[in-house]
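Contents: one structure, followed by commentary.
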Amino acid sequence: PTRVPRLSMGRGRPRSTTYSALVEPLRRSSGIGVHLDVMAHATVERVVFDEAKNAHGVEVSIIDGASVRRKRFRVAREVILSAGAFHSPKLMMLSGIGEPQELQRLGIPLVASSPDVSRHLHEHVGLSIVTTVSVPCPKGYHETEDGKQTHLGETKQFIAQFYAFLNSTEDVLGADGPLDAEIMLLEGCLDGQLSLTFTILMLQSSSRGRLVVQSRNPRTSPFLDYKPMSDSNDLDRIMRVIRRLYTQVFNSDALRDIMETISPAVEVVADVQKLATWVRQSLWYYSHPGGTCRIRPEGSDEAGAGVLDSELRVLGVKGLRVADASVYPESPTAHTDGPARLAGEMVARFILRDARRSEEEQLHAAGKASTPSVQLHGYPGVRMPLCGFGSNGFEGERAVKTLSSFLEKGGRLIDTALLYNNHLDIRIVLSRTKVPREDIFIVSKLPPNEMGFDEASAAIARMAEELGTHMDLLLIHWPSNFDDKAATPRCASEPGGSWRACRAATWRAMEAAQRAGRASALGVSNFAVRHLEELLAVPGRTAHVAANQVEFHPWWPQHELRQFCAQRRIRLMAYGSTGGSLMGGAMLRTPQVTQVAQSRGKSPAQVLLRWAVQQGITVIPSTSSEARLSENLDVIAWELSASEMQVIGRVPTGDRMRVYMPDPELAP
């Protein structure tokens, strides 16, 4: 039933809809960054290519009352098709990508020959076995919206009593092998008696079909040329599943004594020909099509085999990808809504990775490969370097000497805080260096005892005065006091006050400071997901939370926090990337790190820093050693392999631990 939303797991709640889990966060942030436009009554007619076969836009027709207007949209990077297994291949055909003879028949100019487009269609098909039992149906039980009883359960919910997955090719339960079928039990009513409907969904199918584009009119549906059970193996498989139900489930002690009727009858199931006829007459489509823009089979050298490469890029053209269930060469052994979202997630990761590589290549071409940077979302033109220096513990002449050397060696990000008591030292460094101020990125942090609108405003002014310059990134240092001896600000100690109120008031002060030019971008430090959710929900907030500086390393990979921040385009900065000296450098001596370091000819610290930087996370290691300063900056011109990244990050859940205390997640 189309009125029932697909339900999925969501953070903090047992269930949430796909819309609330994936779309609402984008719409909430649309005013300050991520933007999502949904156009109603609009149809994409074709993808537009240039002479070099680069996809650079789409043509859209929009129904406006009795008229139709056409509009062309240009793209900044790529076009992504997510129109489903029927309409993604149709749109490719209308754009000139497909089998040449089919395109000629339609009168569409050829852009790229791709014979597999719209072919290899696979689908989940199913049927239902209905039984009644000697149990009266309670009054008012399992009724439709119009008050009639139904054998398909309560239609306002349509949730089965249980789901089972079956491998019918083996007689041993739990045997290895592909999952052939999903079986759903729906309880309902039929003629006043309780009914049990066993729905069988075939997950594996050898039958294949195709779509035929019937005209150049984008609003004309394609013709579906697909015959389920056209491959005899599929018929054999579903009949084995049916017989297993009849012999092992319906004949069980639990059902045998109460079952009154069953359809199809036992004698039909016992006769191969009758059962085959019943199956063909009873089949229905489950609307899980796929395969029509399938990924090129691995190792295939067959001309025209496959539509996409392994990164979901359309073969034969540039700048075009597909992200829906049409990409899967074989039927997923599950409902396809999850795999379709997975395709979208993978495309997003590929595009973000390529964007990072492009940024690094541009920096390299400009002679700035030692200081790659990332754009801070919501602050046009503000780019944060990926490699920096954490100045905690550096004061006086030691700070001046070390930071001056850091800048001379190509470093560009200096991380400080009001609590570090070295703003005046950094001011001296900035006054002496030959590096232009606009090439240096200053990060400073506001302490929790200075929270509150008035208090924070005064502290920010003092910070800018001490530094003698604006801050490129201004952060709230902690969500609350981390030192019991520190004074509690009025916003948290006065009647009705709270740390949550302090953070909201402080953020308003930071927004005012940003408008006044004292800071270019705003963010936080040591904020857990809960603190971020509260800050993002502050009424009237106008500035995006650009970054969150937290402890991050293989022992504490912050998976949940990283996912939350990535979804909201909040950049992560990492302190403690090498484990620090608090545990005697234990992280630097772990076998997975030392082995990779030895094979790469790098130090263990470089390997750990590269592990973070390669994930787009800014690192701020500290050292007063000239040699280590150079080492810490040499983490850009080389990459770890995918297997090395996995090895370094493969820390058992039970062994994961924070190195630095207190735990920010415990902050009120």
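Summary of computed values
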{"quantity": "Rounded, prolate or oblate (a/c below 1.5 giving rounded, otherwise prolate when a/b exceeds b/c) for region 550-618 by Cα gyration tensor", "calculated": "prolate"}
{"quantity": "Solvent-accessible surface ranking, highest first, for R69, R658 at 1.4 angstrom", "calculated": "R69, R658"}
{"quantity": "Cβ crowding within 10 Å averaged over residues, with 552-560, 429-437, 565-573 ranked highest first", "calculated": "565-573, 552-560, 429-437"}
{"quantity": "FRET efficiency estimate (nearest 0.05) - Cβ-Cβ, A52 to S630, R0 45 angstrom", "calculated": "0.60"}
{"quantity": "Free-standing Cys residues across the chain, given no other cysteine C-beta under 4.7 angstrom", "calculated": "C293, C387, C565"}
{"quantity": "Gain in span if fully extended, F165 to R530, counting 0.36 nm per residue against the direct Cα distance", "calculated": "127.7 nm"}
{"quantity": "Helix 272-282 vs. the chain, principal-axis angle (Cα, 0 to 90°, nearest 10)", "calculated": "60 degrees"}
{"quantity": "Pairwise centroid distance, computed over Cα atoms, of region 525-581 with region 41-96, Å", "calculated": "37 Å"}
{"quantity": "Accessible area (Å², 1.4 Å probe, nearest 10) - S82", "calculated": "80 Å²"}
{"quantity": "Theoretical FRET efficiency, 1/(1+(r/R0)^6), r = Cβ-Cβ of E397 and D454, R0 30 Å, to 0.05", "calculated": "0.25"}
{"quantity": "Region 564-658: translational diffusion in µm²/s, Stokes-Einstein, Kirkwood Rh over Cα pairs, 10 °C, 1.306 mPa s", "calculated": "113 µm²/s"}
{"quantity": "Helix axis angle, 396-408 relative to the chain longest principal axis, alpha carbon, degrees", "calculated": "60 degrees"}
{"quantity": "Assigned charges on the beta-carbon of Lys, Arg, Asp, Glu; the chain dipole about Cα centre (debye)", "calculated": "1720 debye"}
{"quantity": "Between 0 and 90°, nearest 10: helix 232-244 axis offset from the chain longest Cα axis", "calculated": "90 degrees"}
{"quantity": "Antiparallel %, DSSP beta bridges [both residues in the chain], to 5", "calculated": "65 percent"}
{"quantity": "Rounded if a/c under 1.5, otherwise prolate or oblate - region 428-564, Cα gyration tensor axes", "calculated": "oblate"}
{"quantity": "Added length on full extension, which subtracts the Cα-Cα distance from 0.36 nm per residue, S206 to D337", "calculated": "45.1 nm"}
{"quantity": "Centroid-to-centroid separation of region 446-487 and region 388-430 [C-alpha atoms, Å]", "calculated": "18 Å"}
{"quantity": "Distance histogram for region 371-496 (every C-alpha pair counted, 5 angstrom bins, percent rounded to whole numbers)", "calculated": "2, 10, 20, 21, 18, 13, 8, 5, 2, 1, 0"}
{"quantity": "Cα-Cα over 32 Å, subset of K401/K445; K71/K318; K401/K602; K53/K409; K485/K602", "calculated": "K53/K409; K485/K602"}
{"quantity": "With DNA, RNA and ligands ignored, accessible area of M92 (1.4 Å probe; Å², nearest 10)", "calculated": "0 Å²"}
{"quantity": "Rg and Dmax of region 447-491, Cα atoms only, in Å", "calculated": "11.2, 32"}
{"quantity": "Two-decimal Rg/Rh across region 251-300, once Rg and the Kirkwood Rh are taken from alpha-carbon atoms", "calculated": "1.27"}
{"quantity": "Spin-label model distance (nm) - E102 vs S82, 7 Å beyond Cα toward Cβ", "calculated": "2.4 nm"}
{"quantity": "Rounded FRET efficiency, nearest 0.05, which uses the C-beta distance separating D64 from L110 and R0 of 22 Å", "calculated": "0.10"}
{"quantity": "Linear extension gain, V538 paired with D236, 0.36 nm per residue minus alpha-carbon span", "calculated": "102.7 nm"}
{"quantity": "For R571, residues with placed amide H under 5 Å, excluding near neighbours", "calculated": "H377, A547, N548"}
{"quantity": "Area of H423 that stays accessible when all protein chains are in place (1.4 Å probe, Å², to 10)", "calculated": "0 Å²"}
{"quantity": "Region 193-312 - Debye-derived log10 I(q)/I(0), Cα point model, q = 0.13 Å⁻¹", "calculated": "-0.73"}
{"quantity": "T277-R74 pseudo-label distance in nm [points 7 Å out on the Cα-to-Cβ vector]", "calculated": "6.6 nm"}
{"quantity": "Where S230, S326 fall by accessible area, highest first, once all protein chains stay in place (1.4 Å)", "calculated": "S230, S326"}
{"quantity": "Global size of region 507-627 as Cα Rg and Dmax, reported in angstrom", "calculated": "17.1, 53"}
{"quantity": "Radius of gyration, Dmax [the chain; alpha carbons; angstrom]", "calculated": "30.8, 95"}
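The values are calculated or read from the model by the stated rules, or taken from the named source; none is laboratory data. What you see is a predicted model, and the numbers here were worked out from it, not measured in a lab. Cβ atoms come from the backbone with ideal geometry, glycine included; neighbour counts cover every protein chain shown. Accessible surface is based on the protein model in full, side chains and every heavy atom, while ligands, DNA and RNA are left aside. Shrake-Rupley method; radii C 1.70, N 1.55, O 1.52, S 1.80 Å.
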